[in-house]
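**Student:** Sharing a structure, written as structure tokens. Questions coming.
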Amino acid sequence: MREEGVRDARILVVDDQEANVELLLSLLRREGYAHAVGVTDPREAVDRCRDLRPDLILLDLMMPHLDGFEVMARLRPMIPDDEYLPILVLTADVTLPTRQRALAAGAHDFLVKPSDATEVMLRIRNLLMTRVLHRELRRHNERLEAMVAARTRELEETHVELLERLAVAAECRDDATGQHTRRVGEHAAAIAAQVGLPAGWIETIRRAAPLHDVGKIGVPDAILLKPAGLTAAEFEVIKTHTTIGGRILAGGRYELLRTAEAVARHHHERWDGTGYPHGLRGEEIPLEARVVAVADAYDSMTHDRPYRKALRARDAWEILWGGAGTQWDASLVEALSAAMGAAPPTAVLARDGDRQRSH
Ligand SMILES: [Fe+2]
């Protein structure tokens, strides 16, 4: 396999002396290198290199128009950092400064002209073998990186899936199918996209929003599933689902969990500061929680819930627009409305100026 890699190598010979080029090419062919080409005009070297994509370059140093140093300077930008493209310099000048300069310019080895054919072939073979091994190592690294990326993806997916199951676990008492939590995620993502938030933010909210009511796990069934109106004391218990949810999700190392925590804790805050649990006002309320508050309200109103039958869409919109700027962030109600293709009611449009001034 490695031998094949060496034998199949493409070799470019650059020397202004045609006799030298011919000699090297015939030596190479005799040795079994079938893909060797030569140029005698160094000005063509860079173009030939681009076409041929050689595995090795044999380069004369002293040439008219463009010397070997200049050829190497022009080749350098074409060679990717992680590629090992050996350049074997052929020179009659064996002085130390020339050797140092050639090495600094990118040469990998030297041959002093005139050279012994056996030595030439051995050096060529060594350089090509190094290139083959370098390429193998790079492929191996790429495979390892791909494996690590796949494992990381798997871990992330497991992480996301566990959070999804947690959301379903929380909802299964009053939303057996888990469809409400999923839809809230979709609506939240639609709002985020509509207001132009970055793609990563949109994906995070899509996955975090379904966890908004995870704290219901800590609310007794007798209160959570009570069909009739709640007493004030019972409502106080219901309210704790925000802080319980916040506690369940607190201290997360990842963005997704931190977003979910903010959502769970603050999705019942109101824009005017009269919500719970902390009575935050306006932009004090984390954006992710404001987005989910609108998405949750819309979906709860437009679908049957244990405590209420679905409203007609236009009635739900009437309520949402009515609460824009008091209960909800008006710009986010507007965003959901635009995302869903729902026109704002005329009455609301008329007082749009006031609403805009409210935040
Ligand atoms: Fe809630």
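**Student:** Of the conditions (1) within 20 Å of E203 (Cα to Cα); (2) within 16 Å of the ligand (Cβ to nearest atom); (3) of a type in the set (A, V, I, L, M, F, W, C), A338 satisfies every one except a single condition; which number is it?
**Tutor:** Answer for A338: the failing condition is (2).
**Student:** So, one more: Could you list all residues from the stretch 256-280 that are out of contact with any Pro (no Cβ under 9 Å at 6 or more places or on another chain) and in contact (Cβ under 8 Å) with a residue 12 or more places away in the chain? Talk me through it step by step, then tell me what you get.
**Tutor:** Initially, the stretch 256-280 is screened for residues out of contact with any Pro (no Cβ under 9 Å at 6 or more places or on another chain), giving 256-258, 261, 264, 267, 270-279.
Answer for the stretch 256-280, where residues must be out of contact with any Pro (no Cβ under 9 Å at 6 or more places or on another chain) and in contact (Cβ under 8 Å) with a residue 12 or more places away in the chain: L256, L257, E261, A264, H267, R270, W271, D272, G275, Y276, P277, H278.
**Student:** To continue, here is another question. Which residue is farthest from I124 (Cα to Cα), if the candidates are limited to the stretch 36-61 and must be without any contact (Cβ under 8 Å) to a residue 40 or more places away in the chain and among the hydrophobic types (A, V, I, L, M, F, W, C)? Steps first, please.
**Tutor:** First, pick out the residues of the stretch 36-61 that are without any contact (Cβ under 8 Å) to a residue 40 or more places away in the chain: 36-51.
With among the hydrophobic types (A, V, I, L, M, F, W, C) added as a condition, the list becomes 36-37, 39, 45-46, 49.
Details: A36: 12, V37: 15, V39: 18, A45: 19, V46: 20, C49: 17 Å.
So, considering only residues that are without any contact (Cβ under 8 Å) to a residue 40 or more places away in the chain and among the hydrophobic types (A, V, I, L, M, F, W, C), the one farthest from I124 (Cα to Cα) is V46.
**Student:** Please state which of the following conditions V292 fails to meet, knowing it meets all the rest: (1) buried (at least 22 other Cβ atoms within 10 Å of the Cβ); (2) away from the ligand (no atom under 12 Å from the Cβ); (3) touching a residue at least 60 places away in the same chain (Cβ under 8 Å).
**Tutor:** If we test V292 against (1) buried (at least 22 other Cβ atoms within 10 Å of the Cβ); (2) away from the ligand (no atom under 12 Å from the Cβ); (3) touching a residue at least 60 places away in the same chain (Cβ under 8 Å), just (2) comes out false.
**Student:** Being among the acidic types (D, E), away from the ligand (no atom under 15 Å from the Cβ) and surrounded by fewer than 19 Cβ atoms within 10 Å (Cβ to Cβ) narrows it down to one residue among E283, E236; which is it?
**Tutor:** Working: E236 fails: away from the ligand (no atom under 15 Å from the Cβ).
E283 is the lone residue from the list that is among the acidic types (D, E), away from the ligand (no atom under 15 Å from the Cβ) and surrounded by fewer than 19 Cβ atoms within 10 Å (Cβ to Cβ).
**Student:** How do the pairs read when you match residues in the stretch 15-27 that are within 21 Å of C49 (Cβ to Cβ) with residues anywhere that are buried (at least 17 other Cβ atoms within 10 Å of the Cβ) and polar (S, T, N, Q), using Cβ under 6 Å and keeping only pairs 6 or more apart or on different chains?
**Tutor:** D16/T40; E18/T40; V21/T40
**Student:** Determine whether A107 is more than 37 Å from the chain's Cα centre (by Cα), surrounded by fewer than 18 Cβ atoms within 10 Å (Cβ to Cβ), of a type in the set (G, A, S) and not in a strand (DSSP E or B). Don't jump to the end; show me each part of the working.
**Tutor:** On the way: more than 37 Å from the chain's Cα centre (by Cα): yes; surrounded by fewer than 18 Cβ atoms within 10 Å (Cβ to Cβ): no; of a type in the set (G, A, S): yes; not in a strand (DSSP E or B): yes.
So A107 fails the test.
**Student:** Could you tell me whether any residue of the stretch 63-75 is within 28 Å of N141 (Cβ to Cβ), loosely packed, with under 14 Cβ neighbours inside 10 Å and under 46 Å from the mean Cα position of the chain (by Cα)? Please lay out each step first, then the result.
**Tutor:** The first filter runs over the stretch 63-75 and keeps only residues within 28 Å of N141 (Cβ to Cβ), leaving 72, 75.
Next cut, loosely packed, with under 14 Cβ neighbours inside 10 Å only: none.
Looking for residues that are within 28 Å of N141 (Cβ to Cβ), loosely packed, with under 14 Cβ neighbours inside 10 Å and under 46 Å from the mean Cα position of the chain (by Cα), one finds none in the stretch 63-75, hence no.
**Student:** Let me spell it out: the conditions are (1) surrounded by fewer than 16 Cβ atoms within 10 Å (Cβ to Cβ); (2) at negative phi, and G251 meets all of them except one. Which number is the exception?
**Tutor:** Among (1) surrounded by fewer than 16 Cβ atoms within 10 Å (Cβ to Cβ); (2) at negative phi, G251 violates only (2).
**Student:** I'd like the full set of residues that are farther than 16 Å from P286 by Cα, basic (K, R) and away from the ligand (no atom under 15 Å from the Cβ), limited to the stretch 239-261.
**Tutor:** Applying the first criterion (farther than 16 Å from P286 by Cα) to the stretch 239-261 yields 239-241, 244, 247-248, 251-254.
Narrowing further to those that are basic (K, R): 239, 247, 253.
Listed by number, the list holds a single entry, R253.
**Student:** Only residues that are in a helix (DSSP H, G or I) and farther than 22 Å from M121 by Cβ: list them for the stretch 76-102, please.
**Tutor:** The first filter runs over the stretch 76-102 and keeps only residues in a helix (DSSP H, G or I), leaving 76-78, 96-102.
Result: R76, P77, M78, L96, P97, T98, Q100, R101.
**Student:** Continuing with the same structure: Output the residues belonging to the stretch 204-223 that are within 11 Å of the ligand (Cβ to nearest atom), more than 29 Å from the chain's Cα centre (by Cα) and not charged (D, E, K, R).
**Tutor:** G215, V219 - these are the residues of the stretch 204-223 that are within 11 Å of the ligand (Cβ to nearest atom), more than 29 Å from the chain's Cα centre (by Cα) and not charged (D, E, K, R).
**Student:** Assess whether V333 counts as being within 28 Å of D221 (Cα to Cα) and of a type outside the set (K, R). Quick ask: steps written out before the conclusion?
**Tutor:** Working: within 28 Å of D221 (Cα to Cα): no; of a type outside the set (K, R): yes.
Answer is no for this residue.
**Student:** Given the options H180, H159, H187, name the one that is modelled with pLDDT under 90 and closer than 18 Å to A289 by Cα.
**Tutor:** On inspection, the qualifying residue turns out to be H180.
The values are calculated or read from the model by the stated rules, or taken from the named source; none is laboratory data. Since the structure is predicted, the reported quantities are computational estimates derived from the model, not experimental observations. Virtual Cβ from ideal backbone geometry, glycine too; neighbours counted across all protein chains shown.
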